[in-house]
Amino acid sequence: MTMATISTLPARVRFAPSPTGFLHLGGLRTALFDWLYARHTGGQFILRIEDTDQKRFNPESLDDLMRSLRWLGLEWDEGPDIGGPHAPYIQSERRAIYRQYADWLVEHGKAYRCYTTEAELEELRAAGKPYDRRHRNLTPEQRAAFEAEGRPYVIRFAAPLTGSTTVHDAIRGPITVENSSVVDPVLLKSDGLPTYHLAVVVDDHLMEITHVLRGEEWIPSAPLHVMIFDAFGWSAPVFVHLPVILDPSGKGKMSKRKTVVDGREFSPFVRDYISGGYLPDAMFNFLANMGWSYDAEQEIFTREEAISRFDVADISPKATALPFGKLEWMNGVYIRRMAPTQFAEAVAPYIAADLGMSVESLRHDRRLIELAPLIQERIKVLTEATPLVDWAFAPAEQITYPDPTLLIGKKLTAVESIDVLKASAEIVADIEPFEVSALEAAFRSRAEAMQVKLGSFLAPVRVAITGKPVSPPLFESMHVLGRAETLIRIGNAIQALRLHAMQTA
RNA sequence: GGCCCCAUCGUCUAGUGGACUAGGACUCAGCCCUUUCAAGGCUGCGACAGGGGUUCGAAUCCCCUUGGGGCUACCA
């Protein structure tokens, strides 16, 4: 590696999802940018779980999240499972910390206990009004009365009533809002857990986070976070609000359900791409192009190249719709670039699952080893492999010809096609050695002798041995099957075509 | 409604005042190659939302309009 001119200090960047469901592509993109920036600066990538909403907690999601991140190759330096200098990294295990900091704010007049009931708040909402700061300036007597009553309370932030606050966003520049628009948000809920606002500020400070990359839906509350940092007397990290990912069909945020593009369904969840035959390298490359670009003329690049050039300042502020068609294309590019043996290893599980075979036996199966390189440039996702090779794993009886007309070559009659199949059988029976090049030479000269174009000559044979009009290269396919099996299938096809000719005559 | 963000081909993007007759990629169409399907090669279609400024000069800077998006919870 050459010495890059890195003027940036090592950054501490965290990915802080809340475990409420399966990780989606937007979250993965955020994690990727976090990781990229941490690696670019030689800093740390930290995973922190923001589970302060016990109602929305989904126990499956933590595992899904870590699996997804690791699948993409985003290893974290500190996190819930591996610990670190600022453990724990799960917010529900840090509640005492938040309580302590919330109390500190109350003691210093920067926050206050609010006893407003759910019903009172509902009244305000119904009238279309925000919270009216009614308990901001309670007298000691009023407060004592509420306490004596045993009323539950929340702790609200006493936001400045005048002036304005400016947030410096690394990709958008300064964003200023009037302080009066921030109406004393809740910092600590009545269940004793903090809201996002308190937890994020306390943890980002305690964990020495230098750069906060998060979705742009956080822009409106960013000024509040700056105010809270100020109230504690802490300096705020650099804020980088990533553009949202739009739904490709229609508009708005990408939906939580499947979305249909060009008649095909695409899921927003990472897990579906893991099981759907996508390669982590391709997904990595694809996502890296969403809102950031490596180079004006080059969009296929390695992880190392991305790390060397990635900078938060170069991220685009524009919301983007994921071009799923491009994801498929890129996955195909990565599939084609794999070493043949590596590709065979990668497709084996998918084919084995579809065919009900054991992955281990398939991995060492001569048929797969021979077929894999032939289908490598023909599929865009690993799940497309099976229909291209299943015929090789089925016995001849299972290769039926429900539509016998497929056995008729272009510009040929049924009878002529039968002649072609008979000639083919002769070649297959006699050829020595039974190898691809010998087969090809023999078929070519026989086609020429019979004055049939090679394409037309081969079509009936292709359908005869694979049962399909589309297949991997024919001579190789015959070789995979072997002489005997090939002859049986051609024989069966001749029978089927004869029957068809008789019925239509 | 209020506050905030955004605006280049259908989509992802390059572009930070002159190198722009606006470049690349996906998709689509055509041609070539070819044993089917792919892959590959070549060509083509296709954009600076509109209007005002600033400037010798604007896709690039400012303003307005329009359009899109986000937030507006004791959710994150």
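The values are calculated or read from the model by the stated rules, or taken from the named source; none is laboratory data. Worth saying up front: this structure is predicted, and the values here are computed from it rather than measured. Ideal geometry is used to build each Cβ from the backbone, glycine not excepted, and the neighbour counts take in all protein chains shown. We work out accessible area using only protein heavy atoms, side chains counted, and drop any ligands, DNA or RNA first. Shrake-Rupley method; radii C 1.70, N 1.55, O 1.52, S 1.80 Å.
Structure data summary
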| read-out | value |
| --- | --- |
| Test: residue in the range A:339-348 that is away from RNA strand B (no atom under 11 Å from the Cβ), polar (S, T, N, Q) and part of a loop (DSSP other than H, G, I, E, B) | no |
| Residue check, A:Leu198 out of contact with any Lys or Arg (no Cβ under 8 Å at 6 or more places or on another chain) and open to solvent by less than 40 Å² (accessible area, probe 1.4 Å) | yes |
| Within the range A:200-308, helices (runs of 4 or more DSSP H) holding 1 or more residues that are of a type in the set (S, T, N, Q) and free of Cβ contacts under 8 Å to residues at least 40 places away in the same chain | A:270-275 |
| Residue in the range A:251-273 that is most open to solvent (accessible area, probe 1.4 Å), counting only those that are within 14 Å of RNA strand B (Cβ to nearest atom) and of a type in the set (Lys, Arg) | A:Lys251 |
| Matching entry among A:Glu416, A:Glu426, A:Glu485, A:Glu448 (being within 16 Å of RNA strand B (Cβ to nearest atom), in a helix (DSSP H, G or I) and of a type in the set (D, E, K, R)) | A:Glu448 |
| Residues within the range A:429-445 that are assigned to a helix (DSSP H, G or I) and touching a Leu at 6+ places or on another chain (Cβ under 8 Å), tallied | 3 |
| Every pair of residues 6+ apart whose Cβ atoms lie under 7 Å, when the first sits in the range A:315-331 and is in contact (Cβ under 8 Å) with a residue 60 or more places away in the chain while the second is among the basic types (Lys, Arg) | A:Pro317/A:Arg172 |
| Cross-chain or 6+ apart pairs with Cβ under 8 Å, the range A:173-192 first and open to solvent by 50 Å² or more (accessible area, probe 1.4 Å), then near RNA strand B (Cβ under 7 Å from one of its atoms) and not in a loop (DSSP other than H, G, I, E, B) | A:Lys189/A:Val154; A:Ser190/A:Val154 |
| Residues (among the aliphatic types (A, V, I, L, M) and near RNA strand B (Cβ under 8 Å from one of its atoms)) located in the range A:277-299 | A:Met290, A:Ala296 |
| The range A:212-250, residues that are over 20 Å from A:Leu327 (Cβ atoms), open to solvent by 30 Å² or more (accessible area, probe 1.4 Å) and not β-branched (Val, Ile, Thr) | A:Glu216, A:Glu217, A:Trp218, A:Pro220, A:Asp230, A:Gly233, A:Trp234, A:Ser235, A:Ala236 |
| Answer residue from the range A:116-128, given it is more than 8 Å from RNA strand B (Cβ to nearest atom) and either among the aliphatic types (A, V, I, L, M) or more than 40 Å from the chain's Cα centre (by Cα) (or both) and is most open to solvent (accessible area, probe 1.4 Å) among those | A:Glu123 |
| Qualifying positions in the range A:156-169 - open to solvent by 40 Å² or more (accessible area, probe 1.4 Å) and either farther than 28 Å from A:Cys114 by Cβ or in contact with a Pro (Cβ under 7 Å, 6 or more places away or on another chain) (or both) | A:Thr166, A:His168 |
| Filter result (part of a helix (DSSP H, G or I) and within 9 Å of RNA strand B (Cβ to nearest atom)) within the range A:466-482 | A:Thr466, A:Leu474, A:Phe475, A:Glu476, A:Ser477 |
| Selection count where residues are surrounded by 15 or more Cβ atoms within 10 Å (Cβ to Cβ) and either modelled with pLDDT under 95 or in a loop (DSSP other than H, G, I, E, B) (or both), scope the range A:134-154 | 4 |
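Residue-wise test of (1) small (Gly, Ala, Ser); (2) near RNA strand B (Cβ under 8 Å from one of its atoms).
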| site | (1), (2) |
| --- | --- |
| A:His135 | no, no |
| A:Pro140 | no, no |
| A:Tyr153 | no, yes |
| A:Ala158 | yes, no |
| A:Gly163 | yes, no |
| A:Ile171 | no, yes |
| A:Val186 | no, yes |
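Residues are listed down the side, and each one gets a yes or a no for (1) within 16 Å of RNA strand B (Cβ to nearest atom); (2) closer than 30 Å to A:Glu265 by Cβ:
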site	(1), (2)
A:Leu371	yes, yes
A:Glu377	yes, yes
A:Val381	yes, yes
A:Pro387	yes, yes
A:Gln398	no, yes
A:Pro402	no, yes
A:Gly409	yes, no
A:Glu440	yes, no
